[in-house]
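Written below as structure tokens is the structure these notes are about.
The values are calculated or read from the model by the stated rules, or taken from the named source; none is laboratory data. Every value quoted in this text rests on a predicted model; they were computed, and no experiment measured them. FYI the Cβ positions are ideal-geometry reconstructions off the backbone, even for glycines, and counts take in every protein chain you see. Heavy atoms of the whole protein, side chains included, go into the accessibility calculation; ligands, DNA and RNA do not. Shrake-Rupley method; radii C 1.70, N 1.55, O 1.52, S 1.80 Å.
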Amino acid sequence: VVFVLNCKSKTHLLDTIISRATVFYVGENTDEVNEDLSNAFDIINTAVFESELELLIKITALSSEREKRLNTILEIQSALRKLYRIKIGEENDADYNELSENLTIHKILEAIDISEEVRLATLKNKSVKITLARFCAKLKAALGR
């Protein structure tokens with residue numbers, strides 16, 4: 001049995017329901033997804049240009065709260081999708097042109113898949129430290145030089 005609950009904000013749902021549900025954000029302006037993607041682009045930029053240790057330091061800052069981790073993963077996915085749109089010419093953003101020039105479409109799509117694996121592992125309450133360490137290693141391997 002699958003239940004689909006639709007609401008403007010997950011704050012309208014009980015915590016017991018949220019803890020057992022998979023949350024999907026639909027639409028352009030949801031209050032759960034932060035429109036400022038600078039933190040996500042900073043993480044992606046670190047994966048591309050800096051060491052795995054620097055990436056691990058930034059990623060481990062996410063380990064405190066599950067919801068914060070999920071929101072940051074969604075922001076990383078949004079940032080990667082934006083880079084994809086820039087790469088294929090659908091969007092132009094001078095702030096991220098250098099980053100998009102250092103990535104191939106294949107690398108961007110691989111990073112989106114990796115971030116989805118991490119999102120699902122987080123939803124399944126898998127070990128935070130192991131999940132984030134694997135995320136760092138895979139993201140660096142996919143995006144790094």
| query | Using beta carbons and a limit of 8 Å, which pairs, at least six apart or on different chains, have the first residue in the range 106-126 and more than 15 Å from residue 137 (Cα to Cα) and the second one open to solvent by less than 100 Å² (accessible area, probe 1.4 Å) and among the basic types (Lys, Arg)? | reply | 108/87; 122/66; 122/69; 125/66
| message | As an exercise: evaluate residue 49 against (1) over 19 Å from residue 22 (Cβ atoms); (2) touching a helix residue (DSSP H, G or I) at 6+ places or on another chain (Cβ under 6 Å); (3) among the aromatic types (Phe, Trp, Tyr) and give the number of the one condition it does not meet. | response | (2)
| query | Which condition number in (1) open to solvent by less than 60 Å² (accessible area, probe 1.4 Å); (2) assigned to a loop (DSSP other than H, G, I, E, B); (3) not aliphatic (A, V, I, L, M) is the one that residue 45 fails? | reply | (2)
| Can you tell me which residue in the range 63-79 is farthest from residue 104 (Cα to Cα), limited to those that are among the hydrophobic types (A, V, I, L, M, F, W, C) and open to solvent by 10 Å² or more (accessible area, probe 1.4 Å)? | 70
| Of these, 34, 29, 71, which one is modelled with pLDDT of 80 or more, under 18 Å from the mean Cα position of the chain (by Cα) and polar (S, T, N, Q)? | 71
| remark: A careful count of residues in the range 80-95 that are under 17 Å from residue 47 (Cβ atoms) and open to solvent by less than 50 Å² (accessible area, probe 1.4 Å) gives 4
| query | Can we say residue 110 is touching a Leu at 6+ places or on another chain (Cβ under 9 Å), of a type in the set (D, E, K, R), at pLDDT 90 or above and open to solvent by 30 Å² or more (accessible area, probe 1.4 Å)? | reply | yes
